[in-house]
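What follows is a single structure, written as C-alpha cells, with notes after it.
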Amino acid sequence: MILRSTTREDVPAMAQLWSACFSDTREEAQSFLEQVLRPEYGLVIQQPDGSLAAMLTMLPVMMHTNTNIYKGSYLYGVCTHPRWRGQGLFHRLMERAKEEAINQNRQFLCLVPEGEELFSLYRSLGFEPLFYRARRELDPAEYLQQQVLCTMEEIGGGYYIKLRQLYLSSLDLSVQFDGTLQDYLYQDLKEAGCRMVSVQCRYGHGCAVFTQKGDTLFIREAAMDPTCFYSTLATLAERFDAKRVVLTAHPAYAQSPAELIPYGMYLPLQQKLSLSREKHPYPYMNLMLDL
C-alpha cells in the first residue's frame with residue numbers, strides 16, 4: 001500500500017471512505033472536501049487497486065496566546081476502512097502527519113477524538129488532553145434577577161465571524177481556524193440549522209450560536225464574557241419562547257469540575273509550546289463547535 005499526499009482527484013474516494021467510517025453521508029463529506037482540501041492538507045493510504053484504505057486531513061489552525069501566534073495543524077477525518085483495521089495503517093498515517101507538519105513549519109498538532117475510547121489511543125502517540133468544554137443545563141427563570149438591559153439581534157455570517165474572532169482573540173489561549181475555514185464553519189452551522197444572535201449589554205458584547213427544539217435552546221457556543229451571557233440569558237430565552245437552555249461553552253462557564261468535558265488533544269512539535277496550566281488555565285479549542 002502507498003502512503004501519499006492527496007490530490008483533487010482523490011475527493012470522491014475520500015468521501016466514500018469518510019462515509020464508511022463516520023455518520024456523515026458521502027455527499028456531505030464530498031462537499032466539505034471540495035471546499036477545503038488542498039494537496040498539502042491531506043494524506044491517504046492507497047491500495048494496489050486504487051481504492052483508499054485510510055486517510056486524514058490536516059487543516060491549518062492558529063493558536064493565539066497573550067504574546068504570540070503559533071501555526072498548527074488540526075487533524076480531522078482520521079479513519080481506516082473497517083476491512084483494513086488492525087494492520088498499523090493508523091500509526092503510519094500519524095507518523096507521516098507529524099513529519100508533514102514539521103516540513104510545513106507547523107508548530108503543533110491538535111485533534112478532537114471521535115469518542116471517549118480514542119483518548120487513550122491518541123495519548124499513546126504523545127497527545128495530551130488540553131482542551132475542555134463546559135456543559136450546563138440552565139433554567140432561564142433562575143437568571144431573572146441578574147437580567148440587565150441589552151440589545152439583541154439575529155446576524156449573518158460576516159458580522160458573526162467578526163464578533164467571534166474578537167472574542168477568541170481576547171482569550172488567554174485559543175486555537176482557531178484561519179479565515180478561509182471560518183467561512184466554511186459559518187456555512188456548516190447554517191446547514192445544521194444554527195442561528196446567530198449578537199448580544200450587547202453593560203458587561204460586554206458578543207454572540208451566541210444556537211439551535212432550538214421545542215422550548216429548549218441548545219447553545220452551541222457563547223462567544224462572550226460569562227457575566228454578559230448570564231445577564232442576558234433570560235432575555236434570550238424570552239425572545240425565543242424557551243423554558244430550558246443547554247449550554248456548551250468555554251470552560252470558564254463551568255461552575256464545578258463535573259461540568260467540564262474533555263474535548264481536544266494537543267501535541268507540541270517544539271519544546272517551547274509545552275503549555276502550563278498555571279499560565280493558561282482555560283485553553284480553548286472549539287473548531288467545529290458542538291454539532
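Here, each number is a calculation from the coordinates, and none is a lab measurement. Quantities reported herein were computed from a predicted structural model and do not represent experimental measurements. We place every Cβ from the backbone using ideal geometry, glycine too, and count neighbours over all the protein chains shown.
Could you point to the residue in C21, L52, P39 farthest towards the positive end of the stretch 1-70's charge dipole, with +1 and -1 charges on the Cβ of Lys/Arg and Asp/Glu respectively?
Farthest towards the positive pole: P39.
Work out the length of the dipole vector of the stretch 65-104 about its Cα centre, built from +1 on the beta-carbon of each Lys and Arg and -1 on the beta-carbon of each Asp and Glu, and round it to the nearest 20 debye.
About 160 debye.
By residue number, which cysteines of the chain lack any other Cys whose Cβ falls under 4.7 Å from their Cβ?
When partners are defined as cysteine Cβ atoms under 4.7 Å apart, the chain leaves C110, C194, C207, C228 without one.
Relative to the longest principal axis of the chain, what angle (0 to 90°, nearest 10) does the C-alpha long axis of helix 179-191 take?
With both axes taken from Cα atoms, the answer is about 70 degrees.
Of the beta bridges DSSP finds with both residues in the chain, what % are antiparallel, to the nearest 5?
Looking only at bridges with both residues in the chain, the antiparallel portion is about 85 percent.
Report the residue, chosen from Y253, Y203, Y167, that carries the largest GNM mean-square fluctuation when the chain is represented by alpha-carbon nodes joined by springs under 10 Å.
Top of the fluctuation ranking is Y203.
When the distances between all Cα atoms of the stretch 133-253 are binned every 10 Å from zero, what whole-number percent does each bin get?
P(r) over the stretch 133-253, rounded to whole percents: 13, 48, 33, 5, 0.
Lys and Arg at +1, Asp and Glu at -1: add these up for the other residues within a Cβ distance under 12 Å of G206 and post the number.
It works out to a net charge of 0.
Charges only on Cβ, +1 for Lys and Arg, -1 for Asp and Glu: so what's the dipole of the chain about the Cα centre, in debye to the nearest 20?
That gives a dipole near 560 debye.
Could you work out [θ]222 nm for the chain from helices alone, using -39500 (n - 2.57) per DSSP H run of at least four and dividing by all its residues? Round to the nearest 500 deg cm²/dmol.
That calculation yields -9000 deg cm²/dmol at 222 nm.
Given Cβ point charges of +1 (Lys, Arg) and -1 (Asp, Glu) and nothing else, what value in debye, to the nearest 20, does the dipole of the stretch 133-253 about its Cα centre take?
100 debye
Enter the angle in degrees (range 0 to 90, nearest 10) between the Cα long axis of helix 26-36 and the first principal axis of the Cα atoms of the chain, meaning the one along which they spread out most.
It works out to around 90 degrees.
Which ³J(HN,Hα) values, rounded to whole Hz and listed in residue order, are derived for the stretch 49-56 from phi using the Karplus coefficients 6.51, -1.76 and 1.60 in 6.51 cos²θ - 1.76 cosθ + 1.60 with θ = phi - 60°, glycine and proline given as x?
My calculation for the stretch 49-56 gives 7, x, 6, 9, 9, 7, 6, 7 Hz in order.
Once you have the Cα-Cα distance between K279 and Q187, take 0.36 nm times their residue separation minus that, and quote the gain in nm to one decimal.
Gain on extension, K279 to Q187, equals 29.7 nm.
Which semi-axes, in whole Å and largest first, does the equivalent ellipsoid of the chain have when worked out from the alpha carbon gyration tensor as the square roots of 5 times its eigenvalues?
36, 21, 17
For the chain, take the longest principal axis of its alpha carbons; what is the angle in degrees between that and the long axis of helix 11-21, to the nearest 10 within 0 to 90?
Helix 11-21 sits at roughly 70 degrees to that axis.
Going by the alpha-carbon gyration tensor, a ≥ b ≥ c the square roots of its eigenvalues, is the stretch 13-56 rounded (a/c under 1.5) or, if a/c is not under 1.5, prolate (a/b greater than b/c) versus oblate?
Because a/c hits 1.5 or more and a/b fails to exceed b/c, the stretch 13-56 counts as oblate.
What number, in percent, do you get for the relative contact order of the stretch 133-253 if the mean sequence gap of Cα pairs under 8 Å and at least 6 apart is divided by its residue count?
38 percent
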